[in-house]
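Asker: One structure coming up, written as structure tokens, with questions to follow.
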Amino acid sequence: MKKIGIFYGSATGTTEKTARRIGSLLGVGDDHIFNVANTAPSKSGDYELLILGTSTWGNGNLEDDWYDFLAGLEELDLRGKEIALFGCGDETMRDTFCSGVGELYNRLVNTGAQFIAPYDTIGYNFDHSAAKPEDALEAYGLLLDDVNHPELTETRLRGWTNLIKQQA
Ligand SMILES: Cc1cc2nc3c(=O)[nH]c(=O)nc-3n(C[C@H](O)[C@H](O)[C@H](O)COP(=O)(O)O)c2cc1C
């Protein structure tokens with residue numbers, strides 16, 4: 001298993017809680033789980049697999065704390081690293097569900113990192129998301145809706161982290 005760092009941005013705690021659950025499912029301790037609000041982008045250099053999580057705010061935007069960190073990350077050479085994405089949103093926002101994950105993907109796709117663990121969106125109920133190509137069944141990462149379907153989160157988290165264990 002690769003050396004894993006988990007980086008999250010979270011306004012009201014949902015994505016943070018999720019990051020910690022992912023950590024416990026993957027055996028990643030709290031000292032390798034970082035809030036991007038108070039972490040230097042260079043911290044990513046310590047890890048081979050970066051697990052990046054954001055909620056979505058405004059009209060399909062990244063959680064605010066991500067902007068500075070992401071600008072720093074874009075400047076780094078991420079060749080040889082793997083990235084897995086997850087996001088927390090609200091699928092009743094039918095046109096922007098977890099679109100923040102799409103913004104992470106679009107801004108990091110040219111850094112040379114390899115994206116792993118795309119995840120299916122079967123059983124979800126939304127129309128559009130920047131986190132998923134229009135005709136695809138799979139999103140760029142794990143999308144969660146703890147607002148309307150908290151009962152589905154644990155199963156999804158287990159499925160996705162099992163995929164990471166196979167791929168990382
Ligand atoms: C004002 C507002 C705007 C939101 N916009 C979106 C959105 O466009 N898409 C989405 O999927 N979720 C949206 N959400 C839902 C949040 O992303 C969701 O509540 C998430 O779990 C918050 O996670 P956090 O506490 O880690 O920030 C919005 C919530 C609020 C209150």
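Asker: In segment 115-141, which residues are buried (at least 19 other Cβ atoms within 10 Å of the Cβ), among the aliphatic types (A, V, I, L, M) and out of contact with any Lys or Arg (no Cβ under 6 Å at 6 or more places or on another chain)?
Answerer: Passing the criteria: A117, A130, A131.
Asker: Mind counting the residues in segment 75-107 that are more than 7 Å from the ligand (Cβ to nearest atom), under 11 Å from A131 (Cα atoms) and either β-branched (V, I, T) or in contact with a Lys or Arg (Cβ under 6 Å, 6 or more places away or on another chain) (or both)?
Answerer: Qualifying residue count for the region: 1.
Asker: Something else now. Determine whether segment 90-113 contains at least one residue that is without any contact (Cβ under 8 Å) to a residue 60 or more places away in the chain, touching a helix residue (DSSP H, G or I) at 6+ places or on another chain (Cβ under 8 Å) and crowded, with 24+ Cβ neighbours inside 10 Å.
Answerer: The answer is yes, given that some residue of segment 90-113 is without any contact (Cβ under 8 Å) to a residue 60 or more places away in the chain, touching a helix residue (DSSP H, G or I) at 6+ places or on another chain (Cβ under 8 Å) and crowded, with 24+ Cβ neighbours inside 10 Å.
Values quoted throughout were computed directly from the atomic coordinates according to the rules given, and no laboratory measurement underlies them. Note that the structure is a prediction, hence the values are computed from the model and not measured. Cβ sites come from the backbone with ideal geometry, for glycine too, and all protein chains shown count toward neighbours.
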